[in-house]
Structures are given as C-alpha cells and as structure tokens.
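Notes to accompany the following structure.
Please treat every number below as a calculation from the coordinates, not as lab data. From a predicted model like this one, the values you see are computed outputs, not experimental measurements. Every residue, glycine as well, gets a Cβ built from its backbone with ideal geometry; the counts of neighbours run over all protein chains shown.
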Amino acid sequence: MANTAIIIDGKAVSAKIREELKKETEQLNKKGIKPGLAVVIVGNDPASRTYVNNKKKGCAEVGIYSEEYALSEETTQEELLELVDKLNKKEDINGILVQLPLPKHIDDKAVIAKISPKKDVDAFHVENVGRIMLGEYKFLPCTPAGVMELLKAYDIDPAGKECVIIGRSNIVGKPMAMLLLHANGTVTVCHSKTKNLKEVTNRADILVSAIGKAKFVSADMVKEGAVVIDVGINRDENGKLCGDVDFETVKEKASYITPVPGGVGPMTITMLLKNTIEASK
C-alpha cells in the first residue's frame, strides 16, 4: 500500500492569502481607495445565510467595506433588478454579489446579466465568462480560482498533466477546465453522460470532482499517486459534512487530497475578497 496522501490545507493557504490581501487594502486605503462589496440575499435559505455571514466576516477581516441587502422571499424580479442597477451606480461599491440560488420566480440569468461586468466579482457575467475563455480575464470565478491557488501553494504544476474534471457546471466545471487548460494541462471534462467514467478518471494525474454527490468518487476511480481536489459539499447518510470523494479510502491512493470541510471551501471566499480588491483598483 502506498503512503497516505498529503492533505492540502485550504484553511492555512487561505489565511496566508488573506494576510496579503489585508496589506493590500491598507496600501489602497493610503491612496484613498476603500474596496466595497455589496451582498444581496433573497429569501431565507439557511445555507445561503451561512455563506453570506462568512463573506461578511471575510470582508471585515481584510478591511473591505461591506453592505448587505437582505430581501424577502416575495421580492419581485423587477425589484431585484432595480437594486442591482442602483448598486451598479454606487461609487463606494466595487463588487456586487447576488447569492444564488434565487427563489424560483426570479431568473438568475437576467440578474447576473444586469450586474456591471466591472463589479461582477463572481465572474458569472457573459462578458467575464468570455474573457476567461480567451485567457484575458480580470476576475475568475471564486471556486476554480481557489483550486488553482491551492495547486500553486503545493507546487503542483498542471502543465503536461492529464487533468480530469467531473462536472460541467458554469460555476465550477467549465471555468475549471479553462484554467487548467491555460496552465497547459490536458483536460477532459466528464459528466452524467460520460461512458466508462472510471476508465477516464483512472487516467487523471489531477482529478477535480464537482458534482455534488456524497462520496461518489471511490478509490477504484483514482490512479495511484493522483492529486485529488474535492469541490463537493454534501451531507452523508449521518448528516455529516462530506465531499464528492470517499476521503478515507482515496487518501490511501492519492499523493495529495483536499479534505471537506477545510479544503476548497475556505479558498472560495478568499478569492471573492481578492476579486473585490481587484475591482476597486
């Protein structure tokens, strides 16, 4: 049996980046620039509430000014679009984040399209998505950007490596593929229609799972010595937080692995803070 994998510590990497961001905001403050983030939450989804609270805490920690707009479940699409419009024009706000998912009666695409690309710190606007495709971006979606920072922190270079992503969402899977491609990885994207998934994942030097199925990735899907990045946040049969990867068995085969919680999660909010500071420049 191979040695147990090195556990990629997202909390430690994230704390280090936040220290740097804090210094950066101090420098910007001296020049009279105060980065500001507006967070909009509609309805009372408990998971969204937790995320929003963590985002506010993160802002306070690195010295970003933040405003929260908590709207009721009954808010109309028109009212939400009006608020976004107002925030687009607000000079002390550099970043706008509308917490997803939105209530069923609101079209999130319309809301994302309304956010000014310059203030779109989630990098979901079509203009920013296009820039990522071309490799000429100002912002990156927070989760894939966080994954790239983790790889960098552990000196894992995707160049020339087989990189396999499970999941093709616009938030993680697709942008993740682009970033690995820009880093000269050879990228395969798998999804629910992929045939012989196990065969494909077994080729991966770097395996990224972002499908949201608890413990879906088992040890027999992982090549000996692979780097395994788990983006999933799920609950297992006992209601305990877990990822897409069966951590206990896979860590015996992988060379590096991210835990859930404490892996990719902390990085996501840190990248949001980084994007907000970038936007303020």
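The table that follows gives values for the structure above.
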item	result
Ranking of D220, D45, D230 by count of other Cβ atoms within 10 Å, fewest first	D220, D45, D230
Within the stretch 265-281: backbone nitrogen closer than 13 Å to the E61 label point (7 Å, Cα to C-beta)	265-274
Net charge over other residues, Cβ less than 11 angstrom from the Cβ of G36 (K, R count +1; D, E count -1)	0
Relative contact order of the chain, defined on C-alpha pairs under 8 angstrom at six or more residues apart (%)	24
Long-range HN-HN contacts of C242 with modeled amide H, under 5 Å	N234, R235, D236
Candidates K119, K56, K86, ranked by Gaussian network fluctuation over the chain, Cα under 10 Å, top entry	K86
Partners for K253 among aspartates and glutamates (Cα-Cα distance below 14 Å; same-chain residues under 8 apart left out)	D205, D220, E224
Distance-filtered residues of the stretch 48-75 - backbone nitrogen under 18 Å, label point 7 angstrom along D92 Cα→Cβ	56-57, 59-70
Listed residue (V231, G130, I112) projecting farthest to the positive dipole end of the chain, Cβ model	G130
Residue order, fewest to most beta carbons within 10 Å, for S72, S255, S66	S72, S255, S66
The chain: most fluctuating residue of V84, V126, V222 per GNM, C-alpha cutoff 10 Å	V126
Amide proton proximity set for Y69, modelled H, under 5 Å, gap of 5+	V39, V40, I41
Residue among G212, A145, P103 farthest towards the positive dipole end of the chain, charges placed on Cβ	A145
Charge dipole magnitude, Cβ of K and R +1, D and E -1 - the stretch 141-265, Cα centre, debye nearest 20	440
Angle between the chain longest axis and helix 46-62 axis [Cα atoms, degrees, rounded to 10]	80
FRET E, pair R203, V126, Förster distance 22 Å, beta-carbon r, rounded to 0.05	0.10
Length-normalised contact order of the stretch 32-116 in % [C-alpha pairs under 8 Å, at least 6 apart]	42
Cα-centre dipole for the chain with unit charges at Cβ (Lys and Arg positive, Asp and Glu negative), debye to 20	380
Helix-only [θ]222 nm of the chain, DSSP H runs n ≥ 4, -39500 (n - 2.57) each, per residue, nearest 500	-12500 deg cm²/dmol
Burial ordering of F247, F139, fewest other beta-carbon atoms within 10 Å first	F247, F139
Lys, Arg +1 and Asp, Glu -1 on Cβ, resulting dipole of the stretch 1-41 about Cα centre, debye, nearest 20	220
